[in-house]
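Asks: My questions all concern the structure below.
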Amino acid sequence: MTTKPIALQELPADLDKSRLPGHVAVIMDGNGRWAKQRGLPRIMGHQRGVDTLKDLLRCCRDWGVPALTAYAFSTENWGRPLEEVEFLMTLFERVLRKELKEMMEENVRIRFVGNLESLPPSLQAEIERSMEETKDNLGIQFTVATNYGGRQEIVQACRAIAAKVRQGAIEPEEIDEALVERHLYTCGLPSPDLLIRTSGEMRISNFLLWQMAYAEIYVTPTLWPDFDRAQFHQALSAYQQRERRFGKV
Ligand code: IPE
Ligand code: IPE
Ligand code: MG
């Protein structure tokens with residue numbers, strides 16, 4: 001991991017440690033626009049976006065946020081130009097290979113969610129290796145949504161449950177929210193408390209549809225490569241000012 005900022009290593013004093021989100025999810029958006037503003041090819045924005053993610057992960061650890069989930073590639077992103085898709089797949093593989101050692105040192109448990117079987121085989125191998133090697137780490141839970149779609153996740157859960165019903169392993173009446181949750185890719189991970197989306201877009205874009213039921217949503221106009229600790233501080237401040245009612249009064 002590069003770029004170790006000197007400031008803001010500690011949790012900012014105005015934030016309440018006991019009311020931090022237990023799980024932050026981020027839609028890392030705006031890489032292409034960031035590059036375009038600088039007259040660079042879109043892929044340079046993705047390249048820079050990796051540094052942002054690395055520092056956010058480290059910041060979560062420094063400040064005591066126990067789980068971070070990042071949306072890296074959606075099931076719809078295959079519709080982008082082939083060069084961009086290929087660049088992203090290679091980037092994911094390269095970054096994983098390079099960062100695994102440091103993730104071990106920093107006690108990060110990495111996990112990938114999404115339809116992983118359709119990713120390039122060499123990337124799948126790196127993904128499996130990183131998940132296997134870090135599986136007993138007890139530090140921050142870092143989840144990367146890759147070839148992920150919320151609808152697709154729910155469809156595959158329905159299929160798995162239907163197959164069990166057909167085998168007679170479960171009765172339809174036994175299907176409840178907990179059972180559905182156990183068949184989602186995110187099984188075992190608490191639902192996000194805070195969703196951050198960069199680049200100003202006011203939409204979910206098929207991210208964690210089930211899990212977002214009661215997430216607090218924070219949208220910032222900042223483009224992902226420019227999202228830093230000061231921005232994260234603002235997001236957490238806004239979160240701590242929200243009144244979470246969960247349907248009650
Ligand atoms: C998000 O940035 C990264 C991925 C979807 C992989 P974009 O590439 O969507 O950037 P914009 O939205 O075009 O600026
Ligand atoms: C969402 O961003 C997907 C990721 C960040 C990986 P997009 O840029 O693909 O979403 P839309 O197209 O603006 O909805
Ligand atoms: Mg985008």
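Asks: Any residue that is among the basic types (Lys, Arg) and away from ligand 1 (no atom under 14 Å from the Cβ) - is there at least one of those in segment 199-207? First the steps, then the outcome.
Replies: We begin by selecting, within segment 199-207, every residue among the basic types (Lys, Arg); these are 203.
Applying the additional criterion that residues be away from ligand 1 (no atom under 14 Å from the Cβ) yields none.
Taking every residue of segment 199-207 in turn, none turns out to be among the basic types (Lys, Arg) and away from ligand 1 (no atom under 14 Å from the Cβ).
Asks: Restricting attention to segment 220-243, report how many residues are open to solvent by 30 Å² or more (accessible area, probe 1.4 Å) and without any contact (Cβ under 8 Å) to a residue 40 or more places away in the chain.
Replies: 6
Asks: State whether the residues of segment 39-54 include one that is under 27 Å from Arg244 (Cβ atoms), at pLDDT 95 or above and not hydroxyl-bearing (Ser, Thr, Tyr).
Replies: Looking for residues that are under 27 Å from Arg244 (Cβ atoms), at pLDDT 95 or above and not hydroxyl-bearing (Ser, Thr, Tyr), one finds at least one in segment 39-54, hence yes.
Asks: Let me ask something else about it. Out of Leu116, Leu123, report the one residue that is among the aliphatic types (A, V, I, L, M), modelled with pLDDT of 95 or more and within 17 Å of the chain's Cα centre (by Cα). Lay out the reasoning, then the answer.
Replies: Details: Leu123 fails: within 17 Å of the chain's Cα centre (by Cα).
So the residue among Leu116, Leu123 that is among the aliphatic types (A, V, I, L, M), modelled with pLDDT of 95 or more and within 17 Å of the chain's Cα centre (by Cα) is Leu116.
Residue by residue, here is whether (1) in a helix (DSSP H, G or I); (2) out of contact with any helix residue (DSSP H, G or I) (no Cβ under 6 Å at 6 or more places or on another chain) holds:
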| position | (1), (2) |
| --- | --- |
| Met131 | yes, yes |
| Lys164 | yes, yes |
| Glu173 | yes, yes |
| Pro192 | no, yes |
| Leu209 | no, no |
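Asks: Enumerate the pairs (first residue in segment 181-204 and basic (Lys, Arg); second residue anywhere and open to solvent by 40 Å² or more (accessible area, probe 1.4 Å)) with beta-carbon separation below 6 Å, excluding pairs fewer than 6 apart on the same chain, so at least 6 apart or on different chains.
Replies: Pairs found: Arg197/Val219.
Asks: Taking segment 13-27 as the region of interest, how many residues are out of contact with any helix residue (DSSP H, G or I) (no Cβ under 9 Å at 6 or more places or on another chain), of a type outside the set (Ser, Thr, Tyr) and farther than 19 Å from Leu53 by Cα?
Replies: Matching residues across segment 13-27 total 1.
Asks: For Val165, indicate whether it is of a type in the set (A, V, I, L, M), more than 15 Å from the chain's Cα centre (by Cα) and open to solvent by 60 Å² or more (accessible area, probe 1.4 Å).
Replies: no
Asks: Can I ask one more? Tell me yes or no: at least one residue of segment 24-40 is closer than 16 Å to Asp226 by Cα, in a helix (DSSP H, G or I), hydrophobic (A, V, I, L, M, F, W, C) and away from ligand 1 (no atom under 12 Å from the Cβ).
Replies: No, every residue in segment 24-40 fails to be closer than 16 Å to Asp226 by Cα, in a helix (DSSP H, G or I), hydrophobic (A, V, I, L, M, F, W, C) and away from ligand 1 (no atom under 12 Å from the Cβ).
Asks: Here's another thing I want to ask about it. Which of the following residues is under 16 Å from the mean Cα position of the chain (by Cα), open to solvent by less than 20 Å² (accessible area, probe 1.4 Å) and among the hydrophobic types (A, V, I, L, M, F, W, C): Ile204, Ile196? Full working, then the answer.
Replies: Working: Ile204 fails: open to solvent by less than 20 Å² (accessible area, probe 1.4 Å).
Matching residue, one of Ile204, Ile196: Ile196.
Asks: Given the conditions (1) touching a helix residue (DSSP H, G or I) at 6+ places or on another chain (Cβ under 6 Å); (2) in a strand (DSSP E or B); (3) open to solvent by 60 Å² or more (accessible area, probe 1.4 Å), report the number of the one that Ile217 does not fulfil.
Replies: The failed condition is (1).
Asks: Among residues belonging to segment 44-102 that are among the aromatic types (Phe, Trp, Tyr) and part of a helix (DSSP H, G or I), point out the one that is most open to solvent (accessible area, probe 1.4 Å).
Replies: Trp78
The values are calculated or read from the model by the stated rules, or taken from the named source; none is laboratory data. Remember, predicted model here, so these are calculated numbers, not experimental data. A quick note on method: Cβ atoms are made from the backbone with ideal geometry, for glycine too, and the neighbour counts reach across all protein chains shown. Each accessible area value is taken on the protein alone, full model and side chains, heavy atoms only, with ligands, DNA and RNA left out. Shrake-Rupley method; radii C 1.70, N 1.55, O 1.52, S 1.80 Å.
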